[in-house]
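Since the structure comes first, as structure tokens, the remarks are kept for the end.
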Amino acid sequence: NSKTIAIAIDGPAAAGKSTVSKLVAKKLQFVYVDTGAMYRALTLTALEAGADLESENALLSLLQSIDIVLMQHEDGQKVFVNDKDVTEAIRTNEVTNHVSIAAKHALVREEMVKRQKKLAANNGIVMDGRDIGTRVLPDAEVKIFMVASVDERAERRYKENISKGYEADLEQLKEDIRLRDKLDSEREASPLVKAEDAVEIDTTALSIDGVVDKILAVVHEAIGR
Ligand code: CDP
Ligand code: CDP
């Protein structure tokens, strides 16, 4: 049934996953789940609590003490930790530069995966992250692996920061992206890796609409099978 298919979208930082996933979900009237926002919400909570991000036990018990809620809105998504709106707070550089440490712990990931699987049950869903096709939704009908060059991805983040009125340093962004790619790809617990049956899309030279169209074509082919 095309109303309940799952679309798994993985790839490195700033490949365009969330922008494109939102548009694909809107087009198909599917639910969109941003799993990165969940790891960011935990990281923010840990930083605010002064918890040791290297401590698996500390992070796991923090996670077990919070509800992370993703709410869909006309103009995007809102993220809550318990009843607190953290939509903006999870996007700071401070959180961005610590999230891969929080996300490396196997037990933390296990709990996140459990919550994510629940969100996907009985829904047409588009979920983006690092381990969706390999771990969270291994039976997804459509799996996409989005990549783009480091230079292009840093450029995208740079433009994003400038347009929001933040300061940005292109070389620093490149370095941050390289480091996060490395941590995410080399960790032991469900590292960032392309699922065997994923379709790879290099978005370096593509527009947002160009990527959306490519994914919709893959979806239509999958539904037709
Ligand atoms: O949007 P951006 O690419 O900057 O990152 P994100 O999707 O918000 O994810 C932030 C971080 O969370 C990633 O760098 C990973 O360390 C972690 N993450 C993960 O480990 N597994 C996921 N399924 C999603 C995110
Ligand atoms: O979720 P992820 O970190 O993979 O990337 P994103 O936050 O969706 O996209 C990063 C930036 O790249 C956004 O500002 C998008 O507008 C932009 N983008 C682009 O310029 N061209 C694309 N083909 C895809 C995204």
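Of all accessible surface on the range 79-225 at a 1.4 Å probe, what whole percent is carbon and sulfur?
50
Give me the extension gain from Ala189 to Ala217: residue separation times 0.36 nm, minus the current Cα-Cα distance, reported in nm with one decimal.
Length gained, Ala189 through Ala217: 6.9 nm.
Can you tell me the convex hull volume per residue for the chain, based on C-alpha atoms, in Å³ to the nearest whole number? Display every interim value, and only then the final one.
Values: hull volume 27.0 nm³, N = 225.
Normalising the Cα hull of the chain by residue number yields 120 Å³.
At what distance in nm do the modelled label points of Asp67 and Lys118 sit from each other, each positioned 7 Å from its Cα along Cα→Cβ?
1.0
Treating only the Cβ of Lys, Arg, Asp and Glu as charged (+1, +1, -1, -1), what charge dipole size does the chain show about its Cα centre? Round to the nearest 20 debye. Please list the in-between numbers first.
Working: 31 positive and 39 negative charges, 131 e Å.
With Lys and Arg at +1 and Asp and Glu at -1, about 620 debye.
Find how many whole Å separate the alpha carbon centroid of the range 118-188 from the alpha carbon centroid of the range 85-102.
13
Compute the FRET efficiency between Asp139 and Ser163 as 1/(1 + (r/R0)^6), taking r as their Cβ-Cβ distance and R0 = 41 Å, and round to the nearest 0.05. Can you show the working numbers first?
Values: r = 38 Å, r/R0 = 0.94.
Computed FRET efficiency for Asp139 and Ser163: 0.60.
For the chain, what is the accessible area per residue in Å², given a 1.4 Å probe and the full set of protein chains?
51
Fully extended, how many nm does the chain gain between Glu196 and Ile208 (0.36 nm per residue separation, minus their Cα-Cα distance)? Before the final figure, lay out the partial values.
Working: separation 12, 0.36 × 12 = 4.32 nm, distance 2.47 nm.
The Glu196-Ile208 span can extend by a further 1.9 nm.
The values are calculated or read from the model by the stated rules, or taken from the named source; none is laboratory data. As the structure is a prediction and not an experimental result, all values here were calculated from the model. A quick note on method: Cβ atoms are made from the backbone with ideal geometry, for glycine too, and the neighbour counts reach across all protein chains shown. Surface accessibility is based on the protein's heavy atoms, side chains included, excluding ligands, DNA and RNA. Shrake-Rupley method; radii C 1.70, N 1.55, O 1.52, S 1.80 Å.
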